[in-house]
Every structure is written in C-alpha cells, then in structure tokens.
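Worksheet: one structure, shown below.
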Amino acid sequence: MRIVAGSLRGRRLQGPATNAIRPTSDRLRETLFNVLGPSVQGVSVLDAFAGTGAVGLEAISRGAAHVTFYERSPHAWTITEGNIAHCGVQDVCEVIRGDFLQSAGISSCGLVFLDPPYDDVDLDAALRVAVTHTARGGVVVLEHRRSRESPAAAGSLSRTRVLNSGDSALSFYK
C-alpha cells in the first residue's frame, strides 16, 4: 500500500496485520482522487472508519489543509498514527478514537469520506451522521460493497454518481 500521487507520492504505508481492517485499495483511491481533482486542495477532510488512514493521507498528499481520522479500533489507531508519523504530517492530522456513528463536535469538512465495514454498519445511519459534519457545498463519498445499493439521499445531500471498481463502489453525494 502506498500514496498514489501528490507531495507524498510513492510513500509506503503500513497495512493491517489482520483481515479485520480492509484498506481502500491503491487503485480505488486513485480513482477517487481523479474524480475529486483539485477540489481537495485547501479543504478540511474527515476520514471516517479510517482503518490505516490511507485515504486521509492521500488527501494530504494532494493538498488538503487538514484531515481528521475517526476510528474505533485500537489496532487501527496504531496503524493510522504510525502512517501519519511516517509521512511527517502530524501537524495537519488529528486522530479521534471512537465510534463515528456517535460522533459530535467535529468541524464542518469540505470532504467526508466514509469506508464503514461493508456488512456491519447501517449506511443510512453513517450518511446521516456524515451530513452533520459536511460543510455547505461539501462532498460525501461512501465506499461500499458493489452489490449493496447505496442510499439515494442523506439529509440535504443527494447521490450524484456511483463508480464501480471490482467488488467495491464509491457513491458521491453533494
């Protein structure tokens, strides 16, 4: 696993030691950021269900101003914090240890990325929480199993696009 592009391009990241964490693949992250393009530059990002932190670190590499990583797994905290330190970007990152579905007090972000465990989280509930952390004009991206339909809307946000890649899909909300 590595950073695909930007200022940290090629930086190798630590992956999970178990199958309990399913990181977003390099290919899917590349697709995600190709779609988002320069809209990531200068924004605050929320990487919920962060796992290894690869998506948030890719955002930093591509010019995001700040990333908040939200994760409930102690094993994942260690990996994410190690990857942040390895990339030398501690000053623009924050790791919150807890359950995203019960989150509060996070500043509004221009990009909210959700990668919940594919079969263990209610997607509607995750999106409802994400809406409360999304800045006006912001984007929410939900990674999910391709065979699982993503909700058409969440609060004031509507699904605008779905991209399929292998067994995974990315649903975009604005």
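Laid out as a table, the results:
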| item | result |
| --- | --- |
| Members of the range 58-82 found to be in a helix (DSSP H, G or I) and of a type in the set (Val, Ile, Thr), listed by number | Ile60, Thr78, Ile79, Thr80 |
| Residues that are in a loop (DSSP other than H, G, I, E, B) and loosely packed, with under 14 Cβ neighbours inside 10 Å, drawn from the range 16-30 | Ala17, Thr18, Asn19, Ala20 |
| Identity of the residue in the range 151-174, hydroxyl-bearing (Ser, Thr, Tyr) and modelled with pLDDT of 95 or more, that ends up surrounded by the fewest Cβ atoms within 10 Å (Cβ to Cβ) | Thr160 |
| Sole residue being over 26 Å from Ala154 (Cα atoms) and within 15 Å of the chain's Cα centre (by Cα), chosen from Asp115, Asp26 | Asp26 |
| Filtered residues of the range 135-161 (kept if touching a Leu at 6+ places or on another chain (Cβ under 7 Å) and either assigned to a strand (DSSP E or B) or among the aliphatic types (A, V, I, L, M) (or both)) | Gly138, Val139, Val140, Val141, Leu142, Glu143, His144, Ala154 |
| Top-ranked residue of the range 83-102 - restricted to ones that are in contact (Cβ under 8 Å) with a residue 40 or more places away in the chain and not in a strand (DSSP E or B), ranked as nearest to Ser25 (Cα to Cα) | Asn83 |
| Hey, Pro151 under 21 Å from Leu28 (Cβ atoms), in contact (Cβ under 8 Å) with a residue 12 or more places away in the chain, in contact with a Phe, Trp or Tyr (Cβ under 7 Å, 6 or more places away or on another chain) and not polar (S, T, N, Q) or not | no |
| Some residue of the range 132-147 being polar (S, T, N, Q), more than 20 Å from Gln41 (Cβ to Cβ) and in contact with a strand residue (DSSP E or B) (Cβ under 6 Å, 6 or more places away or on another chain) | no |
| Residue that is nearest to Val55 (Cα to Cα), among those in the range 124-149 that are of a type in the set (S, T, N, Q) and surrounded by fewer than 20 Cβ atoms within 10 Å (Cβ to Cβ) | Thr132 |
| Looking only at the range 34-53, and only at residues there that are within 23 Å of Thr132 (Cα to Cα) and within 11 Å of the chain's Cα centre (by Cα), the one that is surrounded by the most Cβ atoms within 10 Å (Cβ to Cβ) | Asp47 |
| Gly110 part of a loop (DSSP other than H, G, I, E, B), out of contact with any helix residue (DSSP H, G or I) (no Cβ under 6 Å at 6 or more places or on another chain) and modelled with pLDDT of 95 or more | no |
| Residue within the range 31-41 that is part of a loop (DSSP other than H, G, I, E, B) and over 24 Å from Asp120 (Cα atoms) present | yes |
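The values are calculated or read from the model by the stated rules, or taken from the named source; none is laboratory data. Note that the structure is predicted; figures quoted are calculated from it, not measured. So basically every Cβ, Gly included, is an ideal-geometry build from the backbone, and we count neighbours across all protein chains shown.
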